[in-house]
1. Only one of (1) free of Cβ contacts under 8 Å to residues at least 60 places away in the same chain; (2) within 15 Å of the chain's Cα centre (by Cα); (3) part of a helix (DSSP H, G or I) is not met by Asn124, so which one is it?
2. Residues in the range 27-48: is at least one within 25 Å of Met158 (Cα to Cα) and of a type in the set (Phe, Trp, Tyr)?
3. Only residues that are touching a residue at least 60 places away in the same chain (Cβ under 8 Å), not in a helix (DSSP H, G or I) and not hydrophobic (A, V, I, L, M, F, W, C): list them for the range 131-166, please.
4. Considering only the range 53-101, state which residues are in contact (Cβ under 8 Å) with a residue 40 or more places away in the chain, surrounded by 17 or more Cβ atoms within 10 Å (Cβ to Cβ) and not hydrophobic (A, V, I, L, M, F, W, C).
5. Just the residues that are surrounded by fewer than 17 Cβ atoms within 10 Å (Cβ to Cβ) and acidic (Asp, Glu), please, taken from the range 28-52.
6. How many residues are more than 18 Å from Glu30 (Cβ to Cβ) and among the β-branched types (Val, Ile, Thr) if we restrict to the range 87-110?
7. Within the range 30-40, can one find any residue that is at pLDDT 95 or above, of a type outside the set (Gly, Ala, Ser) and touching a Pro at 6+ places or on another chain (Cβ under 8 Å)?
8. In the range 45-65, is there at least one residue being more than 26 Å from Ser150 (Cβ to Cβ), assigned to a helix (DSSP H, G or I) and touching a helix residue (DSSP H, G or I) at 6+ places or on another chain (Cβ under 6 Å)?
Amino acid sequence: MSPAGVSINNLNVIVQLKRGWQYVIKENKELSLKIEQNINLLVARYDSLNPGSFRTGSVTVELGNDKGEWKPQELDYQSEVDFFNNLMQKDTSITDKAMTLMYHNMRNQLFGDGNKRTAILAANKLMIDHGAGLINVPLDKWDVWNHLISKYYLSGDMKILKDWTYVNGIQGVTFDHKQNLPKPDIILKTTNKMYSKYKGLPERH
C-alpha cells in the first residue's frame, strides 16, 4: 500500500490522469484521433494490455447493479475517422461537439481500457482550445451521471444525457469585478502555454 492507504494501482491511475491533463493543456495541435491515442497511452498506461492502441477485440462493459451489460460492436476504425471528421465540421457549438464526442467514445469503447478517462480528456481539450470552459461533473452528481450513462449505452440516445450534462457539468471561470481586493505590485512576463489557453475562458457575471 502507498501512503494514506491508497493502493498502488489507484495511485498509478491518479498520477497518469494528472499526466493526461498536463498533455491536453500543453498540446498545441488540434484534437484528432492521434491525440486521443496519445491521451489513452498516458491514462491507461498501467491498466491496459496495449495502451494507446485502438481496440481490436470484443469488450463487455458492466453497467452495475441490475442494469446489465453493454457489448459494443467490433470497432471500425474508418467509421470512427468519418464520425470524428463529420462532427468537427458540423454547424453546432463547441460544447455540443465536445459532449457528443465524449459520450460517443465512451459508448463505442475505442480502446482496450481507460475509455471514460480518455473520452473526458479529449472532450476537454476541445473545450479548452476554444475557450468554452470545462466538462466537469461534480462528485456528488456522479451517481445520477453514471445512471444516465448506463441508460445511454443501452438506448444509443444521448439527448437526455447531454441536456443533463449541459446543466450540471459545464464549468467556466467566474470573476467578481466588484471586489476591491489588493493587487500584486510586480509584473511577470508570461509565456506559459497553459495561461495562453485558459485566458480565453468565458466569464460569467
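1. Failing condition for Asn124: (1).
2. Checked the range 27-48: no residue is within 25 Å of Met158 (Cα to Cα) and of a type in the set (Phe, Trp, Tyr).
3. Those that are touching a residue at least 60 places away in the same chain (Cβ under 8 Å), not in a helix (DSSP H, G or I) and not hydrophobic (A, V, I, L, M, F, W, C): Gly131, Gly133.
4. The answer is Arg55, Glu80, Thr95, Thr100.
5. Listed by number, the residues that qualify are Glu30, Asp47.
6. Total meeting the criteria: 0.
7. Yes.
8. Within the range 45-65, not a single residue is more than 26 Å from Ser150 (Cβ to Cβ), assigned to a helix (DSSP H, G or I) and touching a helix residue (DSSP H, G or I) at 6+ places or on another chain (Cβ under 6 Å).
The values are calculated or read from the model by the stated rules, or taken from the named source; none is laboratory data. Just so it is clear, the model here is predicted, and its values are computed rather than measured. We place every Cβ from the backbone using ideal geometry, glycine too, and count neighbours over all the protein chains shown.
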